[in-house]
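> The structure is given below, and queries will be raised subsequently.
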Amino acid sequence: ALLQLQFPLLSKSGYIRKLVSESSDADLSEIQIPEIPGGPEAFELAAKFCYGINFEISTENIAVLRCVAEYLEMTEDCSVGNLVSRAEAYLNEVVLKSLTGAVSVLHHSESLGHIAEKVKLVSRCIDAIALITCNETKFSIPIVHWWAEDLTVLRIDLFQRVLIAMVSRGFKQYALGPVLMLYAQKSLRGLETFGKPKKKIDPQQEHEKRVVLETIVSLLPRERNAMSVSFLSMLLRAAIYLETTVACRLDLEKRMASQLGQAVLDDLLIPAYSFTGDTLFDVDTVKRIMMNYTESEAEAAGKSDMERVGKLMENYLAEIASDRNLGVSKFIGLAELVPEQSRIVEDGIYRAIDIYLKAHPGISDMERKKVCSVMDCQKLSREACAHAAQNDRVDQHPTRPKVPLHSTDIHPVVVPPHHHYNDELSTLKRENQDLKIELLKMKMKLKEIEKSSSTTSSARPAAGSTTTPNKPPLPPPSKKSFINSVSKKLGKINPFVRLDGVSPSKGRTRPPKDRRHSVS
């Protein structure tokens, strides 16, 4: 800045006085001052102060006033009541006693560079914010603090320093969750993380958002359940989209795995941001999340949410099964990660397998058998088993219940001791249901044989030669004797009466049908 040298400036600015004294020009009337903090507007305020022109000091201009006063050396050595001391008085008496004021001054100091650090403007504002927030939350911790929105205006590096200072003063780390959530939602706004393919954004903007996201993840509380699963899923989508460090993404995956029991299907439907025509959803990421969950489950020796996680994974499999780019190995790999303890009934796995086979008619017989092998046919409900028996897509062997080949193989039921009764009863119920299903299928086939015999004038076809569309070959008529024997044995076994004398088969409720998919 070029300025006319006059006495008020020389009397109050040690920097200008030094430039004049060191100049060799006897007729010096103008000097140039480079890189004034805050630019011409800041120097204009300093000049007004020198000439006694009134102006208001506020939280909007105090940061630049303090820095320009330092730069021009407007200290008490030059003049009593100079600009440095006046700015310091305002900072100490007004700014640093108010959270809003401290945040505002810290925000305005972002553009002032190293001189703001030199005069400890940044550090003092950070300490003031940390002190005030800790005092505000000492007696109660609401879900969202009234001051959390104020902190979102800060640049990410200063925001990080504020949170670290808060924790060092005793602020509970798990209580940082709402603050981080607000900052992330505001800073990452505009990212199209729910679509495919990935949309290109400005490289500088992408870099800034990547730094913001990686910093936020590094600040996340370590306590489980401090952040919601949906928020973690949002961060993970953004991390994949912005191509953050691998460590950042793996950290988010482990956090999601630790709270997987709280997740819903949409939390796992992470788009695969690829231009190569790969799968629609990021299956590999979900697989790693499930592997982390399985490992933590083994270490924790049992969790109450395992059944919920199993159902979630079955729904996820059914959702992605229709993707034609989903390979057999990936489908099987995910299916095998569904917790075994949660698979009380295999209907969900069967539904996913059926959808997958329908969407992938071109796979080989060997691949089809591998896909079908991931389910335990003994755990299918009566309805699912009956459906599978008529389903040409599903390999018949793994879905067919195991029934003894000869009636002599069925042994009399011995009632176990009372303390083993419940376990034995469950086993007998399952065996009884298997026999009932087999009997039902045999009767259906016999009816078809009788129907075909009555509608033809020719002799009865050879045993096993009659078939119906989309059904396996019928058994020979000689099986009728087997059915009779099975029926007699069922009469002996059933009902598996409970200790209270009530048959468990009464009042049986049908399993709820999934509203998202139907087996066809």
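The values are calculated or read from the model by the stated rules, or taken from the named source; none is laboratory data. In this text, all values refer to a predicted model and were calculated from it rather than measured experimentally. Note that each Cβ is placed from the backbone with ideal geometry, even for glycine, and that neighbours are counted across all protein chains shown. Note: accessible area is taken over every heavy atom of the protein model, side chains too, but ligands, DNA and RNA are not part of it. Shrake-Rupley method; radii C 1.70, N 1.55, O 1.52, S 1.80 Å.
> Relative to the Cα centre, what is the charge dipole magnitude of segment 261-389, using +1 at the beta carbon of each Lys and Arg, -1 at the beta carbon of each Asp and Glu, and rounding to the nearest 20 debye? Provide the component values of the computation, followed by the final result.
Numbers: 15 positive and 22 negative charges, 75 e Å.
The dipole magnitude comes to about 360 debye.
> Carbon and sulfur atoms: what percent of the 1.4 Å accessible area of segment 48-113 do they account for?
Numbers: 1490 of 2970 Å².
Roughly 50 percent of what the probe reaches on segment 48-113 is carbon or sulfur.
> Given Cα positions, please report Rg to Rh for segment 1-140, the hydrodynamic radius being the Kirkwood one. Walk me through the numbers on the way to the answer.
Details: Rg = 17.0 Å, Rh = 16.0 Å.
My calculation puts Rg/Rh at 1.06.
> Could you derive backbone 3J(HN,Hα) for segment 253-261 from the dihedral phi with the Karplus parameters 6.51, -1.76 and 1.60 (θ = phi - 60°), listing whole Hz in sequence and x where the residue is Gly or Pro?
Karplus values, whole Hz, x for Gly and Pro: 5, 5, 5, 5, 4, 5, 10, 4, x.
> Treat each spin label as a single point 7 Å out from the Cα along the C-beta direction, and report the A298 to E149 distance in nm.
4.8
> I've got another one for you. Given 10 °C and 1.306 mPa s, how large is the Stokes-Einstein diffusion coefficient of segment 259-357 in µm²/s, with Rh as the Kirkwood radius over Cα pairs? Write down the numbers at each step before the final one.
Numbers: Rh = 13.8 Å.
Roughly 115 µm²/s, to the nearest whole number.
> Now, a different point. Starting from the 7 Å offset along Cα-to-Cβ, what nm value, one decimal, do you get for the label separation of M291 and D266?
2.9
> Right, here's the next one. With a ≥ b ≥ c taken as the square roots of the eigenvalues of the C-alpha gyration tensor of segment 201-286, please select rounded if a/c is under 1.5 and otherwise prolate if a/b is larger than b/c or oblate if it is not?
Taking the square roots of the gyration eigenvalues as a ≥ b ≥ c, segment 201-286 is oblate.
> Would you mind checking which residues have amide H under 5 Å from F281's amide H? H placed 1.01 Å from N; only 5 or more apart, or other chain.
A272
> What area, in nm² and to one decimal, does the C-alpha convex hull of segment 42-86 cast on average over all directions?
2.8
> Quick one: pull the percentage of alpha-carbon pairs in segment 81-179 with a separation above 21 Å. Write down the numbers at each step before the final one.
Values: 1501 of 4851 pairs.
Of all Cα-Cα pairs in segment 81-179, 31 percent lie more than 21 Å apart.
> At a Förster radius of 35 Å, what calculated FRET efficiency corresponds to the Cβ-Cβ distance of E22 and E208, to the nearest 0.05? Can you show the working numbers first?
On the way: r = 42 Å, r/R0 = 1.21.
Step by step, r from the Cβ atoms, then E = 0.25.
> In a solvent-free Debye calculation with one equal scatterer on each Cα, what is log10 I(q)/I(0) for segment 313-397 at q = 0.11 Å⁻¹, listed in the order of the q values?
Scattering profile of segment 313-397, log10 relative to I(0): -0.25.
> Send over a whole-number figure in Å² for the accessible area per residue of segment 1-114, probe 1.4 Å. It would help to have the intermediate numbers written out before the result.
On the way: 6020 Å² over 114 residues.
I get 53 Å² per residue for this part.
> On average, how much accessible surface per residue is there in segment 244-390, in Å², for a 1.4 Å probe, leaving out ligands, DNA and RNA?
Working: 6300 Å² over 147 residues.
Averaged over the residues of segment 244-390, the accessible area is 43 Å².
> Ok, one more. Under the Karplus relation 6.51 cos²θ - 1.76 cosθ + 1.60, θ = phi - 60°, what is the ordered set of whole-Hz ³J(HN,Hα) values for segment 125-133, x standing for Gly and Pro?
3J(HN,Hα) across segment 125-133, in whole Hz: 5, 4, 4, 5, 4, 4, 5, 5, 5.
> Could you pull out the pairs from K186/K209; K12/K48; K118/K172; K379/K445 whose alpha carbons sit more than 21 Å apart here?
Pairs exceeding 21 Å: K118/K172; K379/K445.
> Determine the share of segment 260-360's accessible area contributed by carbon and sulfur atoms, expressed in whole percent, with a 1.4 angstrom probe.
Working: 2160 of 4140 Å².
Here carbon and sulfur together make up 52 percent of the probe-accessible area.
> Near K370, which aspartates and glutamates are there with a Cα under 14 Å away, not counting those fewer than 8 places off in the same chain?
Straight-distance partners of K370: E336, D354, D395.
> Using 7 Å Cα-to-Cβ label points, what is the S230/I164 separation (nm, one decimal)?
With each label point 7 Å from Cα toward Cβ, the separation is 3.3 nm.
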